[in-house]
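The values are calculated or read from the model by the stated rules, or taken from the named source; none is laboratory data. Worth saying up front: this structure is predicted, and the values here are computed from it rather than measured. Because the Cβ atoms are built from the backbone with ideal geometry, glycine has one as well, and the counts that use them run over all protein chains shown.
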Amino acid sequence: MVLRQVWRVALATGVIGAVAVGLGVPRARFLLGGALISTGLRVQDHLEPYDFTHADAVERPIDVWNEFVAQNELSSSLRAWFPRTPEHPLVAMLVCMDSRLDVGELTGDTRGYYYVIRTAGSLLGAAEQEMLELAVANGVRLIVLTRHTDCAAERAASDDAARARYPELTRGVLEHDLHIKEFLARPVIAAKIDAGELMVKEVLIDTGTEHLIAGVKP
Ligand SMILES: [Zn+2]
């Protein structure tokens, strides 16, 4: 099943690659890059963290750290070979820290055009509001405030025991809409929106597919 998915993505990659080479246009190159990334994600997806290092290891913190460092060594050495082009973000996003969400997949784009703030439950406290305002000062034209289905932070906020254990998180989740209103009322943000220089959108993400399932329409 997994292999079939990999082959399907690889086939799509090949087709798009041929189109990209044939056309040599930016859109085709963008699609080819996305297809290659999707292939990589599908190849890695079902591997357990210790499949390839020490199969019987207990997941001690030191083991996890050592693997983290080893993966960084490899990945950063590749980056040194292929340095990325500095980009100027036009979009800022607020996304839950849920590991099932991947901003690259969500946007279909791994270029550096996105500022991303990740907080459990997409909390938008005073500090996060300042971060987004800073992003706007740096040229951002679109802010996407996301929530997602099956959010553990939102579940915790509706559970008595969890509410007692995580009072600040709970308050942040319950006051989410209030914080969005606060943010939109900030003078710099309101002025930019009025001037047509900034748009703020609220969307709901389907966690299973990363599809935007609400709030997409203008
Ligand atoms: Zn969440």
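Take the conditions part of a loop (DSSP other than H, G, I, E, B), assigned by TED's automatic domain parsing to the domain that holds residue 124 and touching a helix residue (DSSP H, G or I) at 6+ places or on another chain (Cβ under 9 Å) and apply them to residue 154. Does it pass? It is false that residue 154 is part of a loop (DSSP other than H, G, I, E, B), assigned by TED's automatic domain parsing to the domain that holds residue 124 and touching a helix residue (DSSP H, G or I) at 6+ places or on another chain (Cβ under 9 Å).
Scanning the range 133-148 for residues that are more than 9 Å from the ligand (Cβ to nearest atom) and under 22 Å from residue 212 (Cβ atoms) yields 135, 136, 140, 141, 142, 143, 144, 145, 146. Would you check if there is a residue in the range 183-200 being β-branched (Val, Ile, Thr) and more than 25 Å from the chain's Cα centre (by Cα)? Among the residues of the range 183-200, at least one is β-branched (Val, Ile, Thr) and more than 25 Å from the chain's Cα centre (by Cα), which makes the answer yes.
When each of 182, 210 is tested for being on the phi > 0 side of the Ramachandran plot, of a type in the set (Asp, Glu) and either in the same structural domain as residue 103 (by TED's automatic domain parsing) or touching a helix residue (DSSP H, G or I) at 6+ places or on another chain (Cβ under 7 Å) (or both), the lone residue that passes is 210. When the range 70-113 is examined, which residues are found to be of a type in the set (Ser, Thr, Tyr) and assigned to a helix (DSSP H, G or I)? Matches in the range 70-113: 75, 76, 77, 107. Condition (residue is of a type in the set (Phe, Trp, Tyr), more than 30 Å from residue 203 (Cβ to Cβ) and surrounded by fewer than 14 Cβ atoms within 10 Å (Cβ to Cβ)) applied to the range 108-128: is it met by at least one residue? No, the range 108-128 has no match at all. For the range 75-124, give me each residue that is of a type outside the set (Val, Ile, Thr), within 22 Å of residue 139 (Cβ to Cβ) and within 16 Å of the ligand (Cβ to nearest atom). Within the range 75-124, 93, 94, 106, 118, 124 qualify. With respect to (1) within 16 Å of the ligand (Cβ to nearest atom); (2) out of contact with any strand residue (DSSP E or B) (no Cβ under 6 Å at 6 or more places or on another chain), the lone exception for residue 165 is condition (1).
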